Amino acid sequence: MAFAMQCDSDNAFFVEHEEPTRPRMHSRENARLLARQRQEMIANELSRLASDEYMEDIMQHVRHMEDETLPDVNLIDMQREIQWFMRPYLIDFIIEAHAAFALLPETLFLTVNLLDRYCSKRVVYKQHYQLVGCAALLIAAKYGDKKDRVPQINELNNMCCGLYDAGMFTQMEMHVLNTLEWNIGHPTVDFFAQLIVAEERDSMEVEHMAAYISEIALYHRDFVSTKPSTMARSSLALARAICGKPENNDGEWDHSDNVTLLSLSQNLHHPSVTLSRKYSSAHLSRVAAKLTDFLAQHAAINRRANPPTPPTEATLAPHHANIYSTPQKGMGAVPGVADGYMTPPITPDGGCFGPNPAGKDAYQMPPRCPVTPTPQPGHPSSYQVQQQQQQQVPQYAAYFAA
């Protein structure tokens, strides 16, 4: 706030103005500023021309990297200790840590990709499952985020309730890098979504809804081996339908896109509480509440169109299936195949990564903060809940598949 002197023949007084005072710029500084702005304009124009010229080569390389860095869900099925019901707990932890350090959106998807790629190549014991997730988060943050945003090891250890020490974090980080042969780059779902949003000029609400749907997919086994480009197209199409926006069909849809779109629509009913809380904020357009309202409306329409029928003897029969069972492959799962793993993952090196580390300096898990919680009686695993949901296709799923 500035003050100006006003003088007349009788007195002098100060008049208050709202405009701030600006320092007077010398001619040399002004010339420097204009030259810098001119250089930035020239650089931006050259970058645009170069991107247009090499865009085809860039997209060809991205498609190649997309195939090369895709995890294999069938190899993760062969893990002896890692079960699919453990995955939601670890993804919740990664999402909370990602939000706590304010990392970039693509860092979250890269973290999960590194985690799944490592689990496709190495045997992971459940007491080290969270440690692998932390190492993947460290690598992804160092790869794409600013230096001051990268988490510190002691901060991650505090979030892990002090289960590990700095040496284990460092060793696991190096082990993940060596296992992946230092091939970290991966075109994420967020990368393809940003390209499509810029081309189709989608609204911010649609962009946030698509991000919410893509992060819901991180919890489920069915989408581990789905290509990021397919996931981005499907999540944006589903987001436009939920937000009531017109669909932009560019004619590039294929069967895998339709299958992914239908599968996504069947896995929106029970999102994680952690993820719902994240997308309930105003800066993310409160899309969690909008998705809940959308599902409730279509559930009411489905109930009016298909009234419940009286139960039969078959539906009243007790179900004796084991609710804790998790589908696994290998170890005699296929009749006629030799017992054991046909292509087993490699066991991690180092004494502290064994199933029963021994010695004075062995790292033991304190019972106060388990790394991978086990299911409680009466609560089925996330994989079984997902399978039960897929047996009841909502009414709007047929609309998405059309």
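We did not get these values from a lab; they are worked out from the coordinates using the rules stated. Predicted model only: the values in this text are computed from it and were never measured. Cβ: placed from backbone, ideal geometry, glycine included. Neighbour counts: every protein chain shown.
What Kirkwood radius, in Å to one decimal, follows from the Cα pairs of segment 189-306?
14.5
Step by step: find N for segment 162-219, compute 2.2 N^0.38 Å, then divide the Cα radius of gyration by it. What's the final number? Can you show the working numbers first?
Numbers: Rg = 17.3 Å, N = 58, 2.2 N^0.38 = 10.3 Å.
For segment 162-219, the normalised Cα radius of gyration comes out at 1.68.
Quick check: net charge around Glu40, other residues with Cβ under 15 Å of its Cβ, Lys/Arg +1 and Asp/Glu -1?
+3
Beyond a 28 Å Cα-Cα separation, which of these cross-linked pairs lie in this structure: Lys121/Lys142; Lys147/Lys245; Lys147/Lys290?
In this structure, Lys147/Lys245; Lys147/Lys290 lie more than 28 Å apart at Cα.
Under the definition of Cα pairs under 8 Å and six or more residues apart, what whole-number percent is the relative contact order of segment 151-257? Show your work: numbers first, answer last.
Numbers: 61 pairs, mean separation 25.0, N = 107.
For segment 151-257, the relative contact order is 23 percent.
Sorted by average packing, counted as other Cβ atoms within 10 angstrom per residue and highest first, what order do 170-177, 275-282 take?
170-177, 275-282
Based on the Cβ-Cβ distance of Arg32 and His270, what FRET efficiency does E = 1/(1 + (r/R0)^6) give at R0 = 51 Å, to the nearest 0.05?
0.30
Would you kindly state how much longer the chain becomes between Lys142 and Ala282 on full extension, computed as 0.36 nm times their sequence separation minus their alpha carbon distance, in nm to one decimal?
47.6 nm
By the gyration tensor of its Cα atoms, with a ≥ b ≥ c the square roots of the eigenvalues, what is the shape of segment 82-179: rounded for a/c under 1.5, prolate for a/b over b/c, or oblate?
Rounded, because the longest to shortest axis ratio a/c is under 1.5.
Determine the distance separating the Cα centre of segment 93-132 from the Cα centre of segment 212-229; give it in Å without decimals.
14
Please work out the FRET efficiency for the pair Glu200 and Asp254, using the Cβ-Cβ distance as r and a Förster radius of 30 Å; give the result to the nearest 0.05. Walk me through the numbers before you get to the answer.
Details: r = 18 Å, r/R0 = 0.61.
Working from the Cβ atoms, E equals 0.95.
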